[in-house]
Structure formats: structure tokens, C-alpha cells
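The values are calculated or read from the model by the stated rules, or taken from the named source; none is laboratory data. As the structure is a computational prediction, the values presented were derived from the model and not from experiment. Glycine also receives a Cβ, built like all others from the backbone with ideal geometry; neighbour counts cover every protein chain displayed. Just so you know, the surface numbers come from the protein's heavy atoms only, side chains and all, with ligands and any DNA or RNA stripped out. Shrake-Rupley method; radii C 1.70, N 1.55, O 1.52, S 1.80 Å.
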Amino acid sequence: MNDTNQSAMAVSDEDKRDIERVLSRIPELAKIAGTMPEIARLGGLTNRNFHLKTSIGQFVLRIPGAGTSDYINRHNEGHAARVADRAGVNADVIFFDDADGVMLCKFIEGAATLNAERFKDLGSVKRSAEALRRIHEYGEPFLNRFELFQMIDEYLEFLSKKDAPLPDGYHDVKKDAEAVRRALSRRQLPICPCHCDPLAENFLDTGKRVYVIDWEYSGNNDPMWDLGDVSVEAAFGPEQDEALMLAYFSGTPPKADWGRMVLYKAMCDLLWTLWGIIQHVNKNPADDFWAYAVNRFERCKRLMASTEFGRHLQAVIDG
């Protein structure tokens, strides 16, 4: 893991106490027991991440945020993180506690944390497509299935128990999305290990290869989900989408695969709208998550109302 291109944040006394407590549980760091490493706080929306410089190497420590166990299965994540490590896609996983999700990974030196601006480099797009294909083709499945529509229903049930608000018209758009569900279910989808939450900042580019970190939401899924989701998260335009698909398929992709990628661009916004509302309800201070949710929902509606969306929906139906 590497966040060298993110601005370091202040490390509080509470952070230091928590780091000291957590490090005492990690056998691999026994050699530095009692010695506080040099610490830099890194970015993160739901977890606390720290760059540690020690006498035995550099690492990134992830301490899960409060409330994340309500919707993240840490045992499944730990398995996926290790599989992705073995596939050469994730950072080296040194320690993972399935009970609470504390994780220590090797720091990847010389890697740039990608964002929408850096993803304008089509070389980064190509290397990211190759990294995703590497995990998709690795052949060692994850423990769980990422079920898009089931997750939407589960998130809605969770929010109903919290008496949480939804953006105006959410249930109407969810009803319209039944056409997508029917189109996707017409034929058996290819299912393989997928990241499922490919934020731009989860891609680390050394200039020669891309690593993908943070496997919290990973699961066996349609690989086109990862491509559609990264396109949305990194604000890809047509040129980047084309570079992504051409690199992934090593040539022109089938129309149905391109169609599923576009459908998932809308569906990931429909799903992650609810994730944003969960953060809002949990009073996560990292961002204005109500605005985040509303913006994602509006983008979902725009795409679903477009002629492009209807064309790709038909391509999926036609197979």
C-alpha cells in the first residue's frame, strides 16, 4: 500500500495509543516492540490508515473505522486480500486479523496513488486494466459472491431500521433498474474474483505496473462490474473507456461485454448511493455523505435516461 501522493494528516495522541496497542498484536513486528515507528496519517473515508517507517521496513497499517463491521465481513476480506497478494495485484499482506480487520501491508515505494487527474494518462488506464484482468483470471475464488441487487435490498433494509432518508425518487429508479436485472439474467454471467470497489485512489501506479488495494467489498462477480465502476469512480471519458476496454480484452471487446460495463456504471451509483447514506446515518465525519449520495444518485438517473444506456441495454439483451 502507498499513499505518498496524499497529503499527510496530523497524528493525534489517540492515534498513537491505538497504533501502539495494535502493533503489540502483530508478531511480524515483535523485533521493534516498545519502539514507536515514524508515523504519517494517510487518507481514508471509513478507516484510519498510517504509513509506518521502522527499522525493519516501511508498512501501511489499517485500523478499521467504527461501525464498519455492520456491513463488511472481515473474514471474507482477509481471504480476498491474501488471494490478491498471491496474484501479484495487492500489496504484500503481512498481517490480517479476521476478528476486527486490523491489517498490516508492505509499503510500495515509488508508486503514485491514482485519482481522476492522473487517470487521464492512458498508460495508467492500460496498466489498471491489466491488473484487474490479472485478478479476474487468477483462478482462486473468493469466499463470497458480490450480489448487486441483493446488496441494494440489504442496504435498504438496514437503512429502514435506522429510519434514514433516501434521495427523492430512489425507489422509482430502483424499479426502473429491474430492466437491467432482467437483461443481466437472460444468460449466465461470467463470475470471477473481483475488487468490486475500484475507487481511483485504490490504484497505485509505479509506472510499470499497477497495484490495487482495499479489498473490503470484494467478491466473486461479473468482471465487467470492476471496469464499469472504475470508469465511474475515476470520471472516465469516452477515450479512457475505450483504452480500458481495449487493454482488458487485448482488442475490440464484444458488444455485450461493453454493454454490461455501461449498465454497471449506472448500477454502481445506484448501490453506492445507499452506502453514502449509511455513512451519513453513522455520522462519519470524513465527508458530506448526504451530498455524496445525492450526487451519485443524480448521475445514475442521467445515465439511465440516456440513449446510450438504452443501446447498451439492448446489446446485453441480444447477447
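Observations
- Counting the residues of the range 20-34 that are of a type in the set (Val, Ile, Thr) and either in contact with an Asp or Glu (Cβ under 7 Å, 6 or more places away or on another chain) or assigned to a loop (DSSP other than H, G, I, E, B) (or both) gives 1.
- Within the range 119-142, the only residue that satisfies the criterion of being open to solvent by 60 Å² or more (accessible area, probe 1.4 Å) and either among the β-branched types (Val, Ile, Thr) or within 17 Å of the chain's Cα centre (by Cα) (or both) is 134.
- Matching residues, the range 162-201, being farther than 19 Å from residue 149 by Cα and open to solvent by 40 Å² or more (accessible area, probe 1.4 Å): 162, 163, 165, 168, 199, 201
- Some residue of the range 64-78 being open to solvent by less than 20 Å² (accessible area, probe 1.4 Å) and of a type in the set (Asp, Glu): yes
- In the range 1-32, residue modelled with the highest pLDDT [restricted to those that are among the polar types (S, T, N, Q) and crowded, with 16+ Cβ neighbours inside 10 Å]: 6
- Positions within the range 230-271 being under 18 Å from residue 316 (Cβ atoms) and part of a loop (DSSP other than H, G, I, E, B), in sequence order: 252, 253, 254
Residue-by-condition table, conditions (1) surrounded by fewer than 16 Cβ atoms within 10 Å (Cβ to Cβ); (2) of a type outside the set (A, V, I, L, M, F, W, C); (3) over 20 Å from residue 112 (Cα atoms); (4) touching a residue at least 40 places away in the same chain (Cβ under 8 Å):
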residue: 203; (1), (2), (3), (4): no, no, no, yes
residue: 224; (1), (2), (3), (4): no, no, yes, yes
residue: 273; (1), (2), (3), (4): no, yes, yes, yes
residue: 313; (1), (2), (3), (4): no, no, yes, yes
